[in-house]
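The values are calculated or read from the model by the stated rules, or taken from the named source; none is laboratory data. Quick caveat: nothing in here was measured; it's all calculated off a predicted structure. Please note: Cβ atoms are built from the backbone with ideal geometry, for glycine as well, and neighbour counts cover all protein chains shown. Please note that ligands, DNA and RNA were not included when accessible areas were found on the heavy atoms of the full protein model with its side chains. Shrake-Rupley method; radii C 1.70, N 1.55, O 1.52, S 1.80 Å.
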Amino acid sequence: MSKLENIKGVIFDLDGVICFTDQYHFLAWKEIADKEGIEFNEAINERLRGVSRAESLEIILEKATREYSAEEKTALMEQKNNIYKEHLKDMLPTDLSKEVKDTLDELRARGLKLAIGSSSKNTEFILERIGLDGFFDKISDGKNIINSKPDPEVFLKAADMIELKPEECLVIEDAEAGIHAAVSGGFHNAGIGSASKYAKTENAIASFRDILELV
């Protein structure tokens with residue numbers, strides 16, 4: 001792993017990178033699936049990483065025994081999000097690790113622009129719960145995009161918000177869909193967690209603090 005040249009900004013995915021809300025997504029989708037009598041397990045849940053709520057529902061409904069109308073799908077997504085947000089209320093600033101906070105502070109001290117690029121529509125609420133409200137220069141998330149990952153839109157908008165070109169930004173992702181989006185958008189990328197093993201990942205990192213070696 002070697003330092004990247006001309007990196008002026010870092011764009012972070014939220015879930016699985018800055019903090020971990022996977023268990024809350026799983027519990028919410030599991031409750032919905034159980035009510036509908038649809039099989040749902042950890043393997044299916046893994047396929048939902050990095051994709052939008054609508055796309056997640058379509059994946060879950062692959063196991064359904066009937067067709068769902070657009071209205072029914074909208075209602076299920078709203079139910080899921082309400083359950084998910086109730087779980088998010090349990091999050092506290094202690095859910096932000098010292099390693100992540102110290103690394104973010106060091107990146108800020110080095111003069112890098114910092115942004116969020118997440119498909120989640122709950123980004124601001126989550127950041128508030130973990131004590132990062134107002135910390136990032138800009139937030140690009142599910143509220144301001146049409147196409148979710150693996151489309152690069154969320155990262156392209158984040159780069160535009162912090163007034164940088166894609167090649168001047170490093171995207172940090174934990175999901176294959178996010179890495180694919182970064183590559184498609186012309187960004188440098190670093191994969192953590194399962195994304196560190198993805199073939200398209202440019203820089204595999206074992207821990208969050210490893211970002212400091214790249215920039």
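Element breakdown for the chain at a 1.4 angstrom probe: carbon and sulfur atoms account for 48% of the accessible area. The magnitude of the dipole of the chain, with charges of +1 and -1 set on the Cβ of Lys/Arg and Asp/Glu and taken from the Cα centre, is near 260 debye.
Put a dot 7 Å past the Cα of GLU213, heading toward its Cβ, do the same for GLU55, and the two dots end up 3.0 nm apart.
In the list (i) 46, 44, 35; (ii) 52, 34, 29; (iii) 47, 39, 32, the label attached to Cα extents along the principal axes in Å as derived from the coordinates here is (ii). Relative to the current alpha-carbon distance between ARG108 and SER69, full extension at 0.36 nm per residue lengthens the span by 9.4 nm.
In degrees between 0 and 90, to the nearest 10, how far off the longest principal axis of the chain does helix 98-109 point, with axes built from Cα atoms? With rounding to tens, the tilt is 50 degrees. Residue-wise HN-Hα couplings along the stretch 117-134, as the Karplus relation 6.51 cos²θ - 1.76 cosθ + 1.60 with θ = phi - 60° gives them from phi, are x, 10, 6, 5, 8, 9, 3, 5, 5, 5, 4, 5, 4, 9, x, 10, 4, x Hz; Gly and Pro carry x. Taking the stretch 41-81 and a reference point 7 angstrom along Cα→Cβ of ASP34, the backbone N atoms nearer than 15 Å belong to 41-42, 80.
What whole-number value in Å² describes the accessible area per residue of the stretch 42-104 for a 1.4 Å probe?
Values: 3700 Å² over 63 residues.
Result: 59 Å² per residue.
Per-residue SASA remark: LEU212, around 40 Å² accessible (1.4 Å probe; ligands, DNA and RNA not included).
Quote the FRET efficiency, to the nearest 0.05, computed for GLU42 versus LEU92 with a Förster distance R0 of 30 Å and r equal to the Cβ-Cβ distance.
Details: r = 25 Å, r/R0 = 0.84.
E(calc), rounded to 0.05, equals 0.75.
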